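These notes are about the structure you will find just below.
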Amino acid sequence: MRDFSNDHRWLSLNTATVRKQGNLIEIIEACARHGIRAIDPWRDQVAAVGLERAVRAVRDAGLDLSGYCRGGMFTADGAHRGAARDDNRRAVDEASALGAPCIVLVVGGLPQYSRPGSAASKNIAAARSQVHDGIAEMLDYAKQAKLPLAIEPLHPAYAADRACVNTTRQALDICDALDPAGTGALGVALDVYHIWWDPELLGQISRAGSRRLLAFHVCDWLVPTKDILNDRGMMGDGVIDIRSIRSAVEAEGFAGYSEIEIFSNDWWGRPMDAVLQTCIERHRTIV
């Protein structure tokens, strides 16, 4: 396992971590101040400053990207599926312009939550079928851009509104069905917040292997958790054995960034520079 204790070369900042403290340009400037060499920007943050300006800012700062957030939300009623398809194609185009190595997919839950305006449904099996078909369609477009797709399984608490793919096994089953040769076009983004509890995790990481492990996200699970979406912990403040999970993914050959992604009302209320300094310290000592 790589030694992170002496530098933060392999730290990437998911820009949601400080989204309330500044816009994307300001976040990029802060990363430069702290020697953070990679980011994973969100589409709404890119849209707020404009794609061309975002591309220039990333280039001028000499930043790598560890991913692009996010594509997906495939589930919709018939009237909204075309919009979902077109939106995901735009995500591919944006990610390609930015030079992202993959698009992280949050696949969607029940249609009325994934694509507002869709007719309500309680059929989660149908939603999962739509996810399979939506990824297949997006994969064809993404292959033309040579842009891998990374399915992110989300904690089961999000099954209704954000992602009905909730385990690494489910995500890999889709990968094996749509990319059986393991070409690198389709894989997984593993976020410790969502997967740490899974008794099958280590076996599924081994199953994924280096070809499927496209992204690795870190934060922590607080006890108690006050808000399932916006109360993630800084690494070391919760109960996740982050280092053992990183050891498992690196044992399979993953050699990319450990991406810090913290949705937190607490950390959003602190100065950006203080948050980034804490991220660096915890990356060296906890991750």
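The values are calculated or read from the model by the stated rules, or taken from the named source; none is laboratory data. Please read these numbers as outputs of a predicted model, since none were measured by experiment. Here Cβ is always computed from backbone atoms with ideal geometry, including for glycine, and neighbour counts include all displayed protein chains.
Can Ala189 be described as closer than 29 Å to Leu147 by Cβ, among the small types (Gly, Ala, Ser) and not in a strand (DSSP E or B)?
When the stated conditions are applied, Ala189 does not pass them.
Hey, can you tell me all the residues within the range 152-171 that are in contact with a helix residue (DSSP H, G or I) (Cβ under 6 Å, 6 or more places away or on another chain) and either over 15 Å from Asp133 (Cα atoms) or not in a loop (DSSP other than H, G, I, E, B) (or both)?
Pro153, Leu154, His155, Asp161, Asn166, Thr168, Arg169, listed by residue number.
Okay, residues lined up against (1) among the hydrophobic types (A, V, I, L, M, F, W, C); (2) closer than 27 Å to Val192 by Cα; (3) surrounded by fewer than 16 Cβ atoms within 10 Å (Cβ to Cβ):
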residue: Pro101; (1), (2), (3): no, yes, no
residue: Pro111; (1), (2), (3): no, yes, no
residue: Ser114; (1), (2), (3): no, yes, no
residue: Ala119; (1), (2), (3): yes, no, yes
residue: Asn123; (1), (2), (3): no, no, yes
residue: Arg128; (1), (2), (3): no, yes, no
residue: Leu147; (1), (2), (3): yes, yes, no
residue: Glu152; (1), (2), (3): no, yes, no
residue: Pro156; (1), (2), (3): no, yes, yes
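Among Ser114, Ser129, which is the only one that is of a type outside the set (D, E, K, R), more than 19 Å from the chain's Cα centre (by Cα) and modelled with pLDDT of 95 or more?
Ser129
Check whether at least one residue in the range 83-106 is assigned to a loop (DSSP other than H, G, I, E, B), in contact with a strand residue (DSSP E or B) (Cβ under 8 Å, 6 or more places away or on another chain) and within 22 Å of Pro156 (Cα to Cα), and report yes or no.
no
If you check every pair at least six apart or on different chains, which have Cβ atoms under 6 Å apart with a residue in the range 91-114 that is touching a residue at least 40 places away in the same chain (Cβ under 8 Å) first and a residue that is polar (S, T, N, Q) and assigned to a helix (DSSP H, G or I) second?
Gly108/Ser114
Quick one: which of Asp273, Asp227 is among the charged types (D, E, K, R), surrounded by fewer than 18 Cβ atoms within 10 Å (Cβ to Cβ), outside any helix (DSSP H, G or I) and at pLDDT 95 or above?
From the options Asp273, Asp227, the qualifying one is Asp227.
Counting just the residues of the range 31-52 that are part of a loop (DSSP other than H, G, I, E, B) and in contact with a helix residue (DSSP H, G or I) (Cβ under 9 Å, 6 or more places away or on another chain), which one comes out farthest from Ser66 (Cα to Cα)?
Only one residue fits best here, namely His34.
Which of the residues spanning the range 203-226 are out of contact with any strand residue (DSSP E or B) (no Cβ under 9 Å at 6 or more places or on another chain) and charged (D, E, K, R)?
Within the range 203-226, Arg207, Lys226 qualify.
Just to be sure before I move on: is Arg33 surrounded by fewer than 15 Cβ atoms within 10 Å (Cβ to Cβ), touching a residue at least 60 places away in the same chain (Cβ under 8 Å), at negative phi and not acidic (Asp, Glu) in the structure I sent?
yes
Please find, within the range 63-78, the residue that is surrounded by the most Cβ atoms within 10 Å (Cβ to Cβ) out of those that are in contact (Cβ under 8 Å) with a residue 40 or more places away in the chain and more than 18 Å from the chain's Cα centre (by Cα).
Ranking the candidates gives Thr75 first.
Of the residues in the range 230-254, how many are surrounded by fewer than 20 Cβ atoms within 10 Å (Cβ to Cβ), small (Gly, Ala, Ser) and outside any helix (DSSP H, G or I)?
Residues in the range 230-254 being surrounded by fewer than 20 Cβ atoms within 10 Å (Cβ to Cβ), small (Gly, Ala, Ser) and outside any helix (DSSP H, G or I): 3 in total.
Restricting to the range 115-127, give me the number of residues that are assigned to a helix (DSSP H, G or I) and either on the phi > 0 side of the Ramachandran plot or out of contact with any helix residue (DSSP H, G or I) (no Cβ under 8 Å at 6 or more places or on another chain) (or both).
Of the residues in that region, 3 qualify.
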